[in-house]
Amino acid sequence: MYQAFAVRISKVVLLLLFSIGYSQEAIDSDEALLRHQELTATMNAQFPVDDIKTFRRESFTEDELQEYLMKHFERMELLPYITDHITYKLDSYFHSGNWFYQIGLPEESIKSNKEALKYYHQVSDQLTEGTKEEFYVKVCFAYSALAENYARLSLNDSAAVYHLKNIDFAQTRNTPYYPSALNNLGLFHYWSKNETDTALVYFKKAFDITRAEFPNHYLIGSIRDNIADIYMDQGKTEEAGHLYGLNFDFYQHIINKDLKSLDMPRIISAGAQHMNATLKQDKLEDAQQTYFRLNSLINDPKNKAWEYQKSMPEFLKAKSILLYKKEAFKEAYENEQYLNRLSDSLYQVSKDVDKRWLTATNDIVLDKIRLNYKMEQSIKENKIKNQRLKLYISASLSLLVITLLTSLFFSRRQHLINARNKRLLAEERLKYAAVQNQQLENEVAAKKRDLSDFAINLSQNQKWAELLANKIETLKATKGRQRKSLMDELEQEIKNKVSFDSENKEFYERLDKLSDAFYRKLKSKFPELSKTDKRLCSLIRLKINSNEIARLQNITIASLNTSRYRLRKKLNLAKEVDLDDFIQSL
């Protein structure tokens, strides 16, 4: 009956979703966010998101359910229009998947949880580690809910895939959700595939991890209960009874975080199972003690009856077996009668709830169909208005474009005229600059020729000075009239050449002046060069041979070669690079 109801209501929901939408046009993100927040606040006022009753079908009346579903689907339709606000959207997607799962709509839960996981993986790179830690539990639950929902629909292959995905994701952190994922996979093999041996392997692995890492966690009771169920199926009643007994004690000391109280349904289930196991072993005394303890908890006014009403049939069945074992047949018969009445009542409540849900969703569909008709009429009217507005805007834009093009044409024409005038002026300036450059080049060439001639003359004077020195040596060795004659001759030559030093100074002054730009270039590239180095470079640049350079600098060829060697080092020249060619290339 449950699966048939789920199929019917899922079809209704699909029709409802088809009829709802913001398909007329995309709405603004801020507007969508504000509307979503308003809807959420209205829904939370009556059914708070942190109240467990919100996740139970029987909590809703027909009118409440109709209103809640309409607002919920409208909220989900708004989410794609909201940009940014990543964590807000993630919370909304995961809440939707969880709510549908808890109230028993597997197809809608699958859809919402898939959307939640898809969006999470799309934005995970944008999340901080703290945010990822916050959503870790919700992602684990989404994978688990997908697996269980597929199993409810008998789609076992898909269920197995999501169980494995849940295990892979859960083990990325050291939390109880990893052994919980293993336990869920064991339940899938146990309930859906009837593979008890495989299920037991996963249960024991989950139990070992939980006992070692989280010995006081609520999960350990669930796993122990599953292992005990398999032991009962295998006929190991003593081992199963021991585990049920441990769980019965365990749950009486553990507070359920959702209920914020003792988990009475689990206590009743563990107690009833312990009674059944001990009764199969004919341990009436143990079963009787468990019954008294369990009955005391059930009758304790501190425990809310509505929380464990659905678990009572299991307790009453165990009680009947105990009474039959004790041969209290009258009490057993009365208990059976009460059990039948309670079971019928619970069945009728469930049937009424299912009917109420189906009726409410059908009413929503009819309302939405009427709303769609009105929306279609409104859309047609808006289209006519939009066409008129588009025509007016098109005409205005055309006129504006023509005006702009005309303005651009005349502006471009004037720009071309101005550019032509500037080009002609620039050409005239270039011609004038070329003439001036030619004049300057001619002057430089003339100065270079003068300097070269002057250098040759100075070199010749140097040669004369050497000859004069030789004559003085000869004079020293000569006596008598010949000596006087040589003295007169020498005196005359000295008078002729007395101007040598002043000419040498004038030469270097002219050399430095002519080579000023060359010197600046050398200084920028080789700041370590001395004034003498620069002059040597300039003489080489004028293509004066080594003998003449040595005479101009009044040094020997050997000293000149030493100067050239030092100059090469300062210029960082490789051995294969010719010094003269390098200087000529500067």
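Details
- Meets criteria (among the hydroxyl-bearing types (Ser, Thr, Tyr) and either under 30 Å from His189 (Cβ atoms) or at pLDDT 90 or above (or both)) for Tyr338: no
- Set side by side, the residues Glu74, Glu129 differ, and just one is of a type in the set (D, E, K, R) and in contact (Cβ under 8 Å) with a residue 12 or more places away in the chain, which is Glu74.
- Annotation: of all residues in region 231-249 being in a helix (DSSP H, G or I) and of a type in the set (D, E, K, R), the one that is surrounded by the most Cβ atoms within 10 Å (Cβ to Cβ) is Glu239.
- Scanning region 526-542 for residues being touching a residue at least 12 places away in the same chain (Cβ under 8 Å) and open to solvent by 70 Å² or more (accessible area, probe 1.4 Å) gives a total of 3.
- Residue selected from region 275-303 under the condition in a loop (DSSP other than H, G, I, E, B) and of a type in the set (Lys, Arg), by the criterion nearest to the chain's Cα centre (by Cα): Lys302
- Filter pass, Ser112 being without any contact (Cβ under 8 Å) to a residue 60 or more places away in the chain and more than 18 Å from Leu78 (Cα to Cα): no
- Taken together, the criteria place Asp225 among residues that are more than 39 Å from the chain's Cα centre (by Cα), buried (at least 21 other Cβ atoms within 10 Å of the Cβ) and without any contact (Cβ under 8 Å) to a residue 60 or more places away in the chain.
- Verdict on Leu586 being under 30 Å from Ala469 (Cβ atoms) and either at pLDDT 90 or above or surrounded by 12 or more Cβ atoms within 10 Å (Cβ to Cβ) (or both): no
- Hits in region 124-147 (condition: within 17 Å of Ser96 (Cα to Cα) and open to solvent by less than 50 Å² (accessible area, probe 1.4 Å)): Phe135, Tyr136, Val139, Cys140, Ala142, Tyr143, Ser144, Ala145, Leu146, Ala147
- Here Asn113 meets each of (1) closer than 30 Å to Leu243 by Cβ; (2) in contact with a Gly (Cβ under 6 Å, 6 or more places away or on another chain) with one exception, condition (1).
- Counting only residues that are buried (at least 21 other Cβ atoms within 10 Å of the Cβ) and farther than 24 Å from Ala228 by Cα, region 160-193 holds 3 of them.
- Odd one out for Arg520 among (1) open to solvent by 70 Å² or more (accessible area, probe 1.4 Å); (2) closer than 23 Å to Lys463 by Cα: (2)
- Matching helices (runs of 4 or more DSSP H) fully within region 63-179 where at least 1 residues are over 20 Å from the mean Cα position of the chain (by Cα), closer than 26 Å to Ile220 by Cβ and among the aromatic types (Phe, Trp, Tyr): 86-103, 129-152, 156-170
- Residues that are touching a Leu at 6+ places or on another chain (Cβ under 9 Å) and modelled with pLDDT under 90 were ranked within region 286-303; the one that is nearest to Met275 (Cα to Cα) is Leu297.
- All conditions in (1) touching a helix residue (DSSP H, G or I) at 6+ places or on another chain (Cβ under 9 Å); (2) loosely packed, with under 10 Cβ neighbours inside 10 Å hold for Gly480, with the sole exception of (1).
- The set of residues in region 194-210 being under 37 Å from the mean Cα position of the chain (by Cα) and within 12 Å of Ile227 (Cβ to Cβ) consists of Tyr202, Phe203, Lys205, Ala206, Phe207, Asp208, Thr210.
- Residue in region 551-564 that is surrounded by 14 or more Cβ atoms within 10 Å (Cβ to Cβ), under 30 Å from Leu468 (Cβ atoms) and among the small types (Gly, Ala, Ser) present: yes
- Hey, Glu62 open to solvent by less than 80 Å² (accessible area, probe 1.4 Å), among the charged types (D, E, K, R), more than 17 Å from Tyr101 (Cβ to Cβ) and modelled with pLDDT under 90 or not: yes
- Helices (runs of 4 or more DSSP H) within region 438-534 that include 2 or more residues closer than 30 Å to Arg566 by Cα and at pLDDT below 75: 500-514
- Screening region 45-58 for residues that are in a helix (DSSP H, G or I) and modelled with pLDDT under 85 and picking the one that is farthest from Ser96 (Cα to Cα) gives Glu58.
The values are calculated or read from the model by the stated rules, or taken from the named source; none is laboratory data. Keep in mind the model is a prediction, meaning the values are calculated, not measured. For neighbour counting, all protein chains shown are included, and Cβ atoms are generated from backbone atoms with ideal geometry for every residue, glycine included. Note: areas computed on protein heavy atoms with side chains; ligands, DNA, RNA excluded. Shrake-Rupley method; radii C 1.70, N 1.55, O 1.52, S 1.80 Å.
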